[in-house]
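First up is the structure itself, then whatever we jot down about it.
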Amino acid sequence: MGFEKFGRRSFMAATKVAPFVDFLAEGKIMGSVCRDCGAKAFPPRSDCVACLSPNVDWFEMPNKGTLATFSTLQYAPVGFEADAPYTLGLVEFPDGLKLFARLAEDTNLDDVKVGMDVTVRTKEYDDGQLSFEIVKA
């Protein structure tokens with residue numbers, strides 16, 4: 001599967017990390033880990049973020065973390081106009097990794113608080129596009 005299946009709108013069809021989308025189709029959210037120095041990255045990178053080595057592999061991201069911050073967007077960039085309003089959040093995991101994603105559409109925003117426990121899951125949109133989202137734990 002190509003990278004054109006990732007997200008609400010994909011502006012890129014080819015990338016070295018295209019298998020990321022295949023993993024999403026399997027229900028897995030994957031990051032990259034350097035085989036040389038052990039540095040982890042999310043979103044996944046084709047080269048190490050620490051030592052620039054191209055010797056990287058995949059690892060499965062944790063699915064439980066803490067909501068560090070969130071914001072509800074009333075306006076959307078070109079290509080996403082029909083999606084507004086939507087809420088984005090930043091999840092921090094115990095190992096120091098972070099993940100930025102939308103909160104699930106059925107989230108009651110009155111219940112959303114910085115510091116709350118959340119989980120992250122894969123998501124398939126009605127049009128077949130794949131992504132991941134944040135859910136209150």
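The values are calculated or read from the model by the stated rules, or taken from the named source; none is laboratory data. Note that this is a predicted model, so its numbers are computed, not measured. Note that each Cβ is placed from the backbone with ideal geometry, even for glycine, and that neighbours are counted across all protein chains shown.
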(request) Hey, could you check the range 56-67 for residues that are part of a strand (DSSP E or B) and in contact with a Lys or Arg (Cβ under 8 Å, 6 or more places away or on another chain) and say which is nearest to Leu88 (Cα to Cα)? (result) Leu67
(request) Kindly indicate which of Ala39, Ala50, Ala18 is farther than 13 Å from Lys136 by Cα and at pLDDT below 95. (result) Ala18
(request) Say whether the condition of being farther than 20 Å from Glu133 by Cβ, touching an Asp or Glu at 6+ places or on another chain (Cβ under 9 Å) and assigned to a strand (DSSP E or B) is met by at least one residue in the range 68-86. (result) no
(request) Identify the residue in the range 70-109 that is modelled with pLDDT under 95 and either among the charged types (D, E, K, R) or under 11 Å from the mean Cα position of the chain (by Cα) (or both) and, among all such residues, is nearest to Phe42 (Cα to Cα). (result) Asp95
(request) Mind listing whichever residues of the range 29-55 are closer than 19 Å to Phe132 by Cβ and part of a strand (DSSP E or B)? (result) Met30, Gly31, Ser32, Val33, Lys40, Ala41
(message) When you check Thr122 against the structure, is it touching a residue at least 24 places away in the same chain (Cβ under 8 Å), of a type in the set (Ser, Thr, Tyr) and within 22 Å of Met30 (Cα to Cα), yes or no?
(response) yes
(message) Can you tell me how many residues within the range 82-137 are of a type in the set (Phe, Trp, Tyr) and either out of contact with any strand residue (DSSP E or B) (no Cβ under 9 Å at 6 or more places or on another chain) or closer than 27 Å to Val49 by Cα (or both)?
(response) 3
(message) With surrounded by fewer than 17 Cβ atoms within 10 Å (Cβ to Cβ) and among the hydrophobic types (A, V, I, L, M, F, W, C) as the only criterion, which of Leu90, Leu130, Leu109 stands out?
(response) Leu109
(request) May I ask you to list the residues in the range 51-64 that are more than 13 Å from the chain's Cα centre (by Cα) and either surrounded by 13 or more Cβ atoms within 10 Å (Cβ to Cβ) or among the hydroxyl-bearing types (Ser, Thr, Tyr) (or both)? (result) Ser53, Val56, Trp58, Phe59
